[in-house]
Amino acid sequence: MAQVHIEGFVTPAIGYRHMTLGTTGTEDFLDSLKGIDGPRQNWSGGVKLIVGLNKYSAIQIGVNFKGVSFTRTQTDYQFHDTVHPKIGRIEDLSQTVLSKDAYFYHKYRYISVPVIYQKAFTKQVFNNKMQFYFAGGLDFDFLLRDDMAVSLNGWSVDGNDRFIISSDYESVKANLALNLGARFEYKLDEHSIFSVQPAFNYPLLVTAQDDNVQFRMYQFGISIGVNYLL
């Protein structure tokens, strides 16, 4: 009879975007964004069932709250510059930071349903406790929300240095992502297993777009979990 485990996990990850031209974009505009965009740390977590197919392979089916994001940095704002149309202009000359810089965190939050196949690299179980697997499959992603968090470090607009505003891009509400990685398991006792599962996650459809650009949000993360035999 196939064994079934239930696993709770958390996933720290580093995310970024793969950006290409939209319908009216130019290479110069795309290059300008490449100079101000950067990766950002994200967190995900959820639960999944691990259904054994045989002694050396299994299927993972889960529900995951997935966060992906990247950072866009605009530097050296001057008096009367507009930080963003939804935030406003700089009207205060009294602030004395060397450079008025703004950090735009483009954030996308999903409910994700991963379906992953895992297979042991070898039939040998190390020390009767450890096993290593290939793990690969698909994530079915459904958008919960997309927005931008804006941070003005050391200065403010209208007395505020933190803002949450709507995204500048039109987001796709559902996506399908490739999930490729590996898995390490360590047997804690007869009923519980500790796991570490690094994976690279890349969407097959566009995450968001406007007339100038379109992009896919990808990330590399390491899921850490404990599962119990049902």
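The table below lists the values:
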quantity	calculated
Single condition THR75 does not satisfy, out of (1) in a strand (DSSP E or B); (2) closer than 26 Å to LEU176 by Cβ; (3) not hydrophobic (A, V, I, L, M, F, W, C)	(2)
Entirely in the stretch 130-210, the strands (runs of 3 or more DSSP E) that have 3 or more residues that are within 19 Å of PHE65 (Cβ to Cβ)	130-152, 174-187, 192-203
Whichever residue in the stretch 111-129 is β-branched (Val, Ile, Thr) and assigned to a strand (DSSP E or B) and, among such residues, is least open to solvent (accessible area, probe 1.4 Å)	ILE116
Residue satisfying all of: in the stretch 191-201; open to solvent by 10 Å² or more (accessible area, probe 1.4 Å) and in contact (Cβ under 8 Å) with a residue 60 or more places away in the chain; farthest from GLU170 (Cα to Cα) among these	ILE193
Subset of the stretch 47-60 [open to solvent by 20 Å² or more (accessible area, probe 1.4 Å) and under 19 Å from the mean Cα position of the chain (by Cα)]	VAL47
Residues (on the phi > 0 side of the Ramachandran plot, of a type outside the set (Asp, Glu) and open to solvent by 30 Å² or more (accessible area, probe 1.4 Å)) located in the stretch 65-110	HIS80
Boolean, LEU176 is modelled with pLDDT of 95 or more and among the hydrophobic types (A, V, I, L, M, F, W, C)	yes
Considering residues of the stretch 211-230 that are open to solvent by 60 Å² or more (accessible area, probe 1.4 Å) and part of a loop (DSSP other than H, G, I, E, B) only, the residue farthest from TYR110 (Cα to Cα)	LEU230
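The values are calculated or read from the model by the stated rules, or taken from the named source; none is laboratory data. As the structure is a prediction and not an experimental result, all values here were calculated from the model. Every residue, glycine as well, gets a Cβ built from its backbone with ideal geometry; the counts of neighbours run over all protein chains shown. These accessible areas exclude ligands, DNA and RNA; they are computed on the full protein's heavy atoms, side chains included. Shrake-Rupley method; radii C 1.70, N 1.55, O 1.52, S 1.80 Å.
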